[in-house]
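Engineer: One structure, pasted below without further comment.
The values are calculated or read from the model by the stated rules, or taken from the named source; none is laboratory data. Treat the numbers as computed from the prediction; the structure is a model and nothing was measured. Don't worry about glycine lacking a Cβ; one is built from the backbone with ideal geometry, like all the others, and counts go over all protein chains shown.
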Amino acid sequence: MTAIQQLAEQVGFHSSYIDSYGNSVAANQDALKALLTAMNYNVDCDEAILASVKQLREASWISLLPAMQMVKSEQAVHSAWISVASADLNSNLQWLVSKEDGSILTGVVDVAELSVIAEQDVNGTVYKKLAVVLPNLPEGYHSLSVSLGENTATGHLIVAPQKCYSPNDAADYRMWGLAAQLYSVKSDNSWGMGDFGDLKNLVKQSAQRGVTAIGLNPLHPLYPNNPGHISPYSPTSRCFLNTLYIDVTSVINFNSCTAVQTLVNSTTFKEQVSQANSQEFIDYPHAAHLKFQALELLYKDFVANHLPKNTKFAKQYLTFVTEMGDDLSELATFDALYEHFRAIDEHAYGWKAWPTEFQDPHSVEVEQFKKDNIERIGYFQFLQFIADSQLGDAAAQAKVDDMPVGLYLDLAVGCDGSGAEVWADKHSYVSGAAVGAPPDAMNTLGQDWGLTPINPVALQEKGYMPLVKALRSNMRHAGALRIDHVLGLMRQYWVAPGMAADQGIYITFPLEDIFRIIALESRRNNCVVIGEDLGNVPDGFGDIMAAAGLLSYKVLFFERWDNGLFFRPELYSEQSMVTVSTHDLSTIAGWWTGNDLKWRQELNLYPNEQMGINERNSRVTDREQLLGALEYEGVLSKENFPQTQPAVMNSELSRAVQAFLAKAPSRILLVPLEDALGLTEQVNIPGTIDEHPNWRRRLPFTIEEFWQQQDMNNLVDVMNQERPKG
């Protein structure tokens, strides 16, 4: 094994992986070198590489205490381990636990009496790992400090449960919900795109029809000064919210602010709002222009008339700012800097394009910028406060309307490398590398998602706080959380800087610890967790997810035997969330009519013509097999079969598909609004950016009009038969 391979093994990179065709793919050595360099390892010569290998191998032995330890809360005895040289075995060890609530526990133990877990000779000195029994601790984030003579150390000590909050804890019946791309929702009150006011209205009206959950696309913040960056899965941070979703008309001082009333009641502004609402596709820059000019006026009014008087509105804002602390300050500072440097150079998209002295969030120059721009930074904090308040109002409405789950939010895989989160915490990220996926039949060149990966070593050193913050932020107002690409919590496919996506390498993540962190936050927030486990799932991963209490993510199109026949509903796992489709796949109407295949052909997404021919031929059989499954299950009779040559959708098929899934024991069924309304076009086509209107398509009906559509009425009728509320 070469020196570079030894270092890669110590860091956690895989030497090979099995691709979607069953072939073994060896790690590209140049990619390994580039990724290790990005992780700040010196790989210039074998001597330096082997020094790093030695340091990594010996670290856990020569350090008195590891950076992080996980205690299983269900264990009868709580303990932590230390590593002690043989010469110190006859000493006393002092330990101190600082609990999350601020209280302190202390103790002294005779090292010689501690039980031995393992031992190792390191450079002629024998080290022993010993178990230190502690008082049983409450679940939470504590720290452990130990002293052995002159040697002292402190590490994170997390006590966490095994299982997440269960849907059975939320309700004792099988639930169903609607999945919405919030930007696409339309109402008479919209300003060119869906907003949190529309969400609250959707919650209220859906609850009246027995809906128990409203699933949403990721609501993470993007770039206020660059509204053309629209993918919800490429956020600047996974904490906080996209402020374009603010319902301006619901801001507390909207009606009392003379300046904003003058603006919104002007003929020109009304015409612009009307134009924005009449478009089939969202013009994000136009919507942002409408919203932010009004929000700036509301902020000025807030600063002039609320902060000085310390009104209830002001107190709520100040409480939020205090609660969110440095994380909010960093995001708002980043947004202000982003705006500042784009005013100088419109192509300065992110911190990597800024002068070097501003690339460090703690530099003297950044501190001075904060002092000079305190009100502008306050504006961006104000936007986050308004967004959080409005999302909270929608969540509160769900509780009032007795929705057991309420809001079902979505956590993206990672962050855009040019964004606030990476800028504020570079040590935790591997800048230059990207998370992606290896080649498969759909993407033969592999995928580079442009998301900067978290360094798993740094993640542990920080006691998993970057992950904890993301979970807390997204569970804050949610009754359920979908974790996109949950397989990435076990292993991630990293694309090296400057290299092609098909040369990526897998790296191992501390899955067991991560799942316990998720379980801890899930239980603290009474939030069900769904792991999006689609794709090439390693053997045993489903069992690991189930043991941790995460729901699996089951999609009708993929739940089939090897011969193509669809699974019967009773074969679906109870511990799952089931749906016909996802935002990256066709709607049922689009699938049936082959609209998705038409798009793939037009966009040249097939690597060769034969693959397109094969898919179109296979779809004929797919349709027959779906009809057979629906007929067998008794949800569609032959006389109601839709036309197959050419394929034409009908409402009977739409109803039957949802009735089929509704029979599954799965605890939650989610129906995309596009399917509930019988629409043909899909939300997003992977592998495209501007070639297809990804993330821009508005629904053709307002929320009030939803319930007048035949497909929606059929859906509500089926669900109230198969999955009645209560």
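Engineer: If I go through the range 244-284 residue by residue, how many of them are in contact with a helix residue (DSSP H, G or I) (Cβ under 9 Å, 6 or more places away or on another chain), outside any loop (DSSP other than H, G, I, E, B), surrounded by fewer than 16 Cβ atoms within 10 Å (Cβ to Cβ) and among the small types (Gly, Ala, Ser)?
Structural biologist: Qualifying residue count for the region: 1.
Engineer: It is to be established whether one or more residues within the range 154-161 are out of contact with any Gly (no Cβ under 8 Å at 6 or more places or on another chain), surrounded by fewer than 21 Cβ atoms within 10 Å (Cβ to Cβ) and hydroxyl-bearing (Ser, Thr, Tyr).
Structural biologist: Checking the range 154-161: at least one residue is out of contact with any Gly (no Cβ under 8 Å at 6 or more places or on another chain), surrounded by fewer than 21 Cβ atoms within 10 Å (Cβ to Cβ) and hydroxyl-bearing (Ser, Thr, Tyr).
Engineer: Further, regarding this structure: Give just the number: which of (1) closer than 27 Å to Pro466 by Cα; (2) surrounded by fewer than 22 Cβ atoms within 10 Å (Cβ to Cβ); (3) touching a Pro at 6+ places or on another chain (Cβ under 8 Å) does Asn226 not satisfy?
Structural biologist: Of the numbered conditions (1) closer than 27 Å to Pro466 by Cα; (2) surrounded by fewer than 22 Cβ atoms within 10 Å (Cβ to Cβ); (3) touching a Pro at 6+ places or on another chain (Cβ under 8 Å), the odd one out for Asn226 is (3).
Engineer: Considering the range 437-466 alone, what residues qualify as being under 16 Å from the mean Cα position of the chain (by Cα) and more than 19 Å from Pro66 (Cα to Cα)?
Structural biologist: Trp449, Gly450, Leu451, Thr452, Pro453, Ile454
Engineer: Which of the numbered conditions does Glu631 fail, given that it passes all the others? Conditions: (1) in a helix (DSSP H, G or I); (2) closer than 20 Å to Pro700 by Cα.
Structural biologist: Result: Glu631 fails condition (2) only.
Engineer: Consider the range 606-625. How many of its residues are exposed (fewer than 14 other Cβ atoms within 10 Å of the Cβ), among the charged types (D, E, K, R) and either within 19 Å of Val657 (Cβ to Cβ) or in contact with an Asp or Glu (Cβ under 9 Å, 6 or more places away or on another chain) (or both)?
Structural biologist: Of the residues in that region, 1 qualify.
Engineer: Okay, next question. Would it be correct to say that Ile689 is over 21 Å from Met577 (Cα atoms), in contact (Cβ under 8 Å) with a residue 12 or more places away in the chain and among the β-branched types (Val, Ile, Thr)?
Structural biologist: The answer is no for Ile689.
Engineer: Shifting gears a bit: Of the residues Asp46, Asp110, only one is farther than 30 Å from Arg516 by Cα, touching a Leu at 6+ places or on another chain (Cβ under 9 Å), surrounded by fewer than 16 Cβ atoms within 10 Å (Cβ to Cβ) and of a type outside the set (A, V, I, L, M, F, W, C); which?
Structural biologist: Just one listed residue meets the conditions, Asp110.
Engineer: Can you tell which of Gly177, Gly192 is out of contact with any helix residue (DSSP H, G or I) (no Cβ under 6 Å at 6 or more places or on another chain) and surrounded by 18 or more Cβ atoms within 10 Å (Cβ to Cβ)?
Structural biologist: Criteria check complete, one pass: Gly177.
Engineer: Please verify whether Ala348 is more than 22 Å from the chain's Cα centre (by Cα), buried (at least 19 other Cβ atoms within 10 Å of the Cβ) and not in a helix (DSSP H, G or I), treating the condition exactly as stated.
Structural biologist: When the stated conditions are applied, Ala348 passes them.
Engineer: Which of the residues that make up the range 332-347 are within 11 Å of Tyr223 (Cβ to Cβ) and not aromatic (Phe, Trp, Tyr)?
Structural biologist: Of everything in the range 332-347, those that are within 11 Å of Tyr223 (Cβ to Cβ) and not aromatic (Phe, Trp, Tyr) turn out to be Asp335, Glu339, Arg342.
Engineer: On to the next question. Please return the ranges of helices (runs of 4 or more DSSP H) entirely within the range 1-93 where 3 or more residues are out of contact with any Pro (no Cβ under 8 Å at 6 or more places or on another chain) and among the charged types (D, E, K, R).
Structural biologist: Result: 46-62.
Engineer: Can you name the condition, by its number, that Met1 falls short on among (1) modelled with pLDDT under 95; (2) under 32 Å from the mean Cα position of the chain (by Cα)?
Structural biologist: Answer for Met1: the failing condition is (2).
Engineer: While we're on this one: Residue by residue through the range 392-409, note down the ones that are within 13 Å of Leu202 (Cβ to Cβ) and either in contact with a Phe, Trp or Tyr (Cβ under 6 Å, 6 or more places away or on another chain) or buried (at least 19 other Cβ atoms within 10 Å of the Cβ) (or both).
Structural biologist: Hits for the range 392-409 are Ala394, Ala395, Gln397, Ala398, Met403, Gly406, Leu407, Tyr408.
Engineer: Of everything in the range 169-193 that's aromatic (Phe, Trp, Tyr) and in a loop (DSSP other than H, G, I, E, B), which residue is nearest to Leu677 (Cα to Cα)?
Structural biologist: Trp191
Engineer: Moving to a separate point now. For the range 125-167, give me the residue count where each residue is small (Gly, Ala, Ser) and at pLDDT below 95.
Structural biologist: The total comes to 1.
Engineer: Take the residues in the range 559-570 that are exposed (fewer than 13 other Cβ atoms within 10 Å of the Cβ) and touching a residue at least 24 places away in the same chain (Cβ under 8 Å), then tell me which one is nearest to Tyr173 (Cα to Cα).
Structural biologist: Glu570
Engineer: Return a yes/no flag: does the range 210-225 have any residue that is at positive phi, modelled with pLDDT of 95 or more and part of a loop (DSSP other than H, G, I, E, B).
Structural biologist: yes
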